[in-house]
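Read the structure below first, then the notes.
Quick note: the coordinates plus some simple rules give every number you see, no bench work behind them. All figures in this text were calculated on a predicted structure; none of them were measured in a lab. In this analysis, Cβ positions are derived from the backbone assuming ideal geometry, glycine residues included, and neighbour counts consider all displayed protein chains.
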Amino acid sequence: MRVTAAFNRLLALPGTTVREVSFEPARITVTVALRRRRLVCADCQYSSRARYDTRTVDSSWRHLDLGRCRLVITARLRRIDCPTHGVRTEGVPFARPESGFTRDFEDLVAWLATRMDKTAVTQLVRIAWQTVGAICARVVADGLTPTVSTSGSRSASTRSLGARATAT
Ligand SMILES: [Zn+2]
């Protein structure tokens, strides 16, 4: 199996195709392309086939670590001219707007934050103290109700998550 096909299966990021994987000593960078043709505003449901332009730099998101390696997803995004929000970088299905982390990463952090103190979370996932609060706020705003099922998917009650997020 080719390495791009392997990472497609391994990461299973919604709506994406893995184009390239590059390995550095402590970091893996996975370049993906969005499968959909239509552009979607990151702030609302507006979508269009018309692109305003394509950004000249790649966007990147930190994903869940792979072993000892940091895993970073990158993609070259387009911009859309939303009638409500103006010219915006298109939204992606695997990350929340304005976030430098994937949904999977944020959901993990939010779940951990309901179960251990914030210092422990910062050490475990190697992010800044303030970042934990920002991630929890985004997850709560997104209306996620995290819970843990026996299948291993994560979640936590929105109520306790909200309480933690506001307590910080
Ligand atoms: Zn919009």
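Table for the structure above
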quantity	calculated
Gain on full stretching of the segment that runs from T4 to E20 - 0.36 nm per residue minus C-alpha separation	5.2 nm
Within the range 40-72, trypsin sites (Lys or Arg not before Pro) in DSSP loop having at most 16 other beta-carbon neighbours inside 10 Å	R49, R51, R55, R68
The chain, Rg to Rh (Cα coordinates; Rh as Kirkwood inverse mean 1/r)	0.98
Candidates D142, D104, D43: whichever shows maximal mean-square fluctuation once the chain is modelled as a Gaussian network with Cα springs under 10 Å	D142
Options F105, V121, P83, ranked by Cα towards positive dipole end of the chain, top entry (Cβ charges)	P83
Loop sites in the range 68-124: chymotrypsin sites (Phe, Trp or Tyr not before Pro), DSSP, at most 16 other Cβ within 10 Å	none
Nonlocal amide H pairs with R19, under 5 Å, H built at 1.01 Å	T31, V32, A33
